[in-house]
Structures are given as C-alpha cells and as structure tokens.
Amino acid sequence: MIRAGRLHRALGLLRARPLPDPAAGSAPPSRRLRTGHPQRRDIFADLEKNILQFYKKLKEALPGSDWTPMRITKGLPPERADVVIVGGGVMGWSVAYWLKALEPKRDTLRVVVVEKDPTYSRASTVLSAGGIRQQFSLPENIQMSLYSAFFLRTINEHLGVLNEPPIDIQFNPSGYLFLASEDEAAKLEENVRIQRAEGAEVSLLSPAQLKKKYPWINTDGVAVASYGLENEGWFDPWSLLNAFRRKAMSMGVYQCFGEVTSFTVSSIEVMTPEGELTFSRIKHVRVQMPNSLEYQPVECALVVNAAGPWSQKLAEMASVGIGPPDTQEGIELPVEPRKRYIFVWHCPDGPGLDCPMLVDTTGVYFRREGLGGNYLGSLSPAEEEEPDIRDLEVDHDFFQEKIWPCLARRVPAFESLKVKSAWAGYYDYNTFDQNAVLGRHPLVENLFFITGFSGHGLQHSPAAGRAVAELIVEGKFKTIDMEKFSFKRFVSGEQILERNIV
Ligand SMILES: Cc1cc2nc3c(=O)[nH]c(=O)nc-3n(C[C@H](O)[C@H](O)[C@H](O)COP(=O)(O)OP(=O)(O)OC[C@H]3O[C@@H](n4cnc5c(N)ncnc54)[C@H](O)[C@@H]3O)c2cc1C
C-alpha cells in the first residue's frame, strides 16, 4: 500500500520536472527523439496508465465498490477504550454525555461511540414524532418524563458548548389529551392518580368540559379525558441527538463511524445456588470500517448496547440468548424492530393553535404540525397486523382504512383532508412488556443495556442515559431507581407493564 503510494508521488514529481532548456546549452529534445528510444515522459505515462488499470481491476474484484487499497482507512477507533457504546442514536450519545459529566476526575474515562450509519437513515431517533408526556402508568416512566422535561427546559445549561450557537430543540409546549371510553375510564382515572402522586400536573375532564374546551371534538363514546397541564409537548429529535453528540465530543468522547460485527468473549462456568451458570466478559469489540476490508478490534472494559431496534442482534453477538432453551444462557433480549408509520396531512378547517396531542379511544393520535393547517399522526397496528419490517415502505391503505375513519369520527373537520407526506421508522419494541431494558446483563458481566423503549425512548433519553452512566460510574442508580427495568425480569418472568403505550 505505502510503496504504491510512494511510487505514485514519485511519478508526480518526475512528471513535474521541466524539460531541458535548449538555451542553457543542453541537447535539444528533438535530437533525443531521433535516437529511437521512447521519452522518459512516455515511459512513466504508460506506467501510470497501467497502474490505473490495475487499480480499476482490483476495485472491481473486491467487495465494497468505494474501497481503495491505496489509502489508510480514516476514522479508525482507538485500540483501547474504557467504554464502547454501540449505537450513536439519542440513547448512545446520552450515555456518552453523562459518562463524561459524571466521571470522578476529568479525562479518566475513554469513551467511544460506534455508529454504523452516518446518515442515520433508519435510526428511530430521527424518524420519531418527537413527543414528550408525563402521562404514563408506571411511576418510573413518569419520573423519567419529569426529569427529562426539566433537562430539556434547561438544556443549554447541560449541553451548551462554549463558542457554539445555543441549542434550540424547537420545543412546542402542548398537553397530551387522552380520551377514554366507558370501558377504559377507570384505568385512565387510576393512571391520573399515579401521575399526580409522582408530581405530574394532569387534569381530568368530563365530556361536557371537553366539548367546552375543544368545540371541534365530537365527544361521542368518550367517558372521560385527561389533559397534561405542563411538561408535555413535542420537539425536534435530531436537534436533541446532535446536542448530546456535540457536547459529548467537546468533552472528549470519540465518535467512530463503523459497524460492530462481533465481540471476543471469554467465559467461565461457575456452580451457583441456581445451578451451573456460564459467566462471560467481552474483551474486544470488532469494528468493521465502512467501504473497507479493514476492521479494528477495540479492547475495552465495558460495552453499552444502545443499538435501538437492532439491539437483540447485538446482544446475540455477546452470546446473550444463544444457550440451550430453558436455561438462563438461552434467554434472549426480547427487543425487535417494529415498523410504525407517521402521516402528515393538510386540513384548512382543522383544529387551531390550541390543538393538543390527542390520543383517541381507538389509539389513533395526532397533533398540529407547524401553523399552516398541517397535522401529523398515526396508529400502532394490531399485533396480528404487524407490517413487514424488511423495508421502510409506507402502507397508504393503512391510513385510508384504519386511521382516517377514526380521525373523521372524532374531528368532523378531518372528513376532508389531504395526506401530504408520510414516513416509517422502527420502534425498539420490547415484546415482553413494552418497557425499557436498562442496566447490566446478569451473565455477561460487562454488557449494559439501554434499549426496548417501545415508542417512548426519545423523551426518556436524558433520564435513561443518566441512569446507565450512574450505574457504570457510581455502581448504582442514584437519581431515579431503575432497578425494575433490569434484564433480570426476563429470567424471573415478572412483567412490568406500562398501560399507556401509544
Ligand atoms: C415512528 C416513530 C415515532 C416515535 N415517536 C416517539 C415520540 O413521540 N416520543 C418518544 O419519546 N419516542 C418516540 N419514538 C421512539 C424513539 O424514537 C426511540 O425509542 C428512540 O429514538 C430510541 O433511540 P436509540 O438511540 O435507542 O435508537 P436509534 O435512534 O435507532 O439508534 C440506534 C443506532 O444504533 C446503530 N446501530 C445498530 N446496530 C449497530 C452496530 N452493530 N454497530 C454500530 N451501530 C449500530 C443504528 O444505526 C442506529 O443509529 C418513536 C419512534 C418511531 C419509529
């Protein structure tokens, strides 16, 4: 590689050398031509042509069309790190930021974030609807929302970088409005009781109060509604991801664009009261560089699995879930990609500026998108109708058949609307109980999770990232006790259900 590079440079130098000057007394070039020997310039031009042809053939023969063997791969991660975070979405960068913010002494932790897709074209974070709400049923989820709302309100104090423009995540304060039918009313009231006990400001509305507040709503089939009075709304997901990334990098976190394709793991069998168990440790993370055959093994102390919808695949690389069935080693991370659509429509006579993030009794949700009569919304498909996840194609019939009828019933103005655009993204869906998976794996001792948020991860990223960093740096959760979210619940079979999944 280097020899060819030198040769190339040498060729450049020789070509640049001027021809002899006849006026200076040396032999004129024409006389040299008559000798019958080819000119030096021609020899090198031919040689260069041959080398270029050789390059071309070599390139065609190798996988990865942009690969060139004549350059050293740029952006290789360091050979050693304390913490390797796999996944550069909002969760990965949140953990990275908090690790640096909480490290006991400056520059004690070498942290690397590895992201396989610099364009983030399929990452959940950038494809999300950007909503934040306090209205969950699980106290830990409510606490995470409250913490995150505080964090977002004071974001420049946390993530501001000297001499860089202030952060603007384009926060739109607006309450979530949950509507409940007669059958669901008691559940909604119970949720509100829990939310208030955790310090959230949520009001209950009767159908008459609802109609008075929002005259454009058809209240048929609504028994009760809950409305968030503060700490709710939506914001720009990319701005939050980028703010975490910019701050973390300013604090010394390494960013590496490459794909983690495997781990080197060492294992030991130990007799425990639960029987013989295999405990493992990740020694190296293998990072495959883009458009290259080159990879870098990174020796590390800890790995954080922040791979979002792909986190089960990553966990498997560390031997999670690959043991025999009915053993602890055989319990896989129950997180998979589930495709969710977002539709944007225009309706000039739709709800005005006071339009909340409305979640209908049917599960259909929508909110205002900007100020020009545009709206954004969707519905999670029923379990038996989960769409194919091989691509991110949008099924427009889903809007026509499942979403629009519900919208038009709830808001008569939506009977005439025009869909303007749509996209799809993947939820990092926890099939066990639709809740986060946070903390250390019980058998792979240096593997930590931050995944499985099933559609509410963006808003919880500040709190969840902090929790995982606390566990790593301090050895325990400090701000919010997240013990419930540990992987151990898949071993015990104890679900922690969240009732308010949208
Ligand atoms: C349509 C939709 C709407 C949503 N709406 C909301 C909402 O309103 N509010 C809310 O709070 N949440 C919402 N969410 C959920 C939220 O977006 C996610 O929970 C959150 O963004 C997850 O962040 P993440 O960093 O874990 O995942 P991601 O953003 O997907 O990041 C994971 C990254 O890991 C990388 N990666 C994977 N494997 C590897 C590997 N082997 N090597 C290197 N890199 C790898 C991927 O390329 C990816 O960039 C929504 C999601 C969707 C899809």
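Pairing residues of segment 429-458 that are in the same structural domain as residue 86 (by TED's automatic domain parsing) and in a loop (DSSP other than H, G, I, E, B) with residues that are aromatic (Phe, Trp, Tyr) and within 15 Å of the ligand (Cβ to nearest atom), at Cβ distances under 6 Å and at least 6 apart in sequence or on separate chains, gives 436/453; 436/485; 454/427; 454/429; 455/427. Being of a type outside the set (S, T, N, Q) and outside any strand (DSSP E or B) is the filter; apply it to segment 352-364 and report the residue that is surrounded by the most Cβ atoms within 10 Å (Cβ to Cβ). Among those that are of a type outside the set (S, T, N, Q) and outside any strand (DSSP E or B), it is 360.
crowded, with 19+ Cβ neighbours inside 10 Å and away from the ligand (no atom under 16 Å from the Cβ): is that true of residue 417 in this structure? Criteria met by residue 417.
Residues that are closer than 30 Å to residue 411 by Cα and either out of contact with any strand residue (DSSP E or B) (no Cβ under 8 Å at 6 or more places or on another chain) or not in a loop (DSSP other than H, G, I, E, B) (or both) within segment 323-351 comprise 338, 339, 340, 341, 342, 343, 344, 345, 346, 348, 349, listed in sequence order.
In segment 82-113, the qualifying residues are those that are outside any loop (DSSP other than H, G, I, E, B) and over 28 Å from residue 168 (Cβ atoms), and the one that is nearest to the ligand (Cβ to nearest atom) is 86. Among residues of segment 115-146 being under 20 Å from residue 438 (Cβ atoms) and within 7 Å of the ligand (Cβ to nearest atom), the one that is surrounded by the most Cβ atoms within 10 Å (Cβ to Cβ) is 123. Within segment 78-90, the set of residues being over 17 Å from residue 313 (Cα atoms) and either buried (at least 24 other Cβ atoms within 10 Å of the Cβ) or among the aliphatic types (A, V, I, L, M) (or both) comprises 81, 83, 90. Comparison of 367, 286, 281 shows that the only residue that is assigned by TED's automatic domain parsing to the domain that holds residue 417 and part of a strand (DSSP E or B) is 367.
Among residues of segment 78-92 that are over 19 Å from residue 311 (Cβ atoms), those with a Cβ under 6 angstrom from a residue that is within 16 Å of the ligand (Cβ to nearest atom) and part of a strand (DSSP E or B), sequence gap 6+ or separate chain, pair up as 81/112; 81/298; 81/300. Screening residue 391 against (1) under 28 Å from residue 232 (Cα atoms); (2) assigned to a loop (DSSP other than H, G, I, E, B) leaves a single unmet condition, (1). If I filter segment 292-313 for residues that are free of Cβ contacts under 8 Å to residues at least 40 places away in the same chain and in a strand (DSSP E or B), do I get at least one hit? The answer is yes, given that some residue of segment 292-313 is free of Cβ contacts under 8 Å to residues at least 40 places away in the same chain and in a strand (DSSP E or B).
The values are calculated or read from the model by the stated rules, or taken from the named source; none is laboratory data. These numbers were taken from a predicted model, which means no experiment stands behind them. For neighbour counting, all protein chains shown are included, and Cβ atoms are generated from backbone atoms with ideal geometry for every residue, glycine included.
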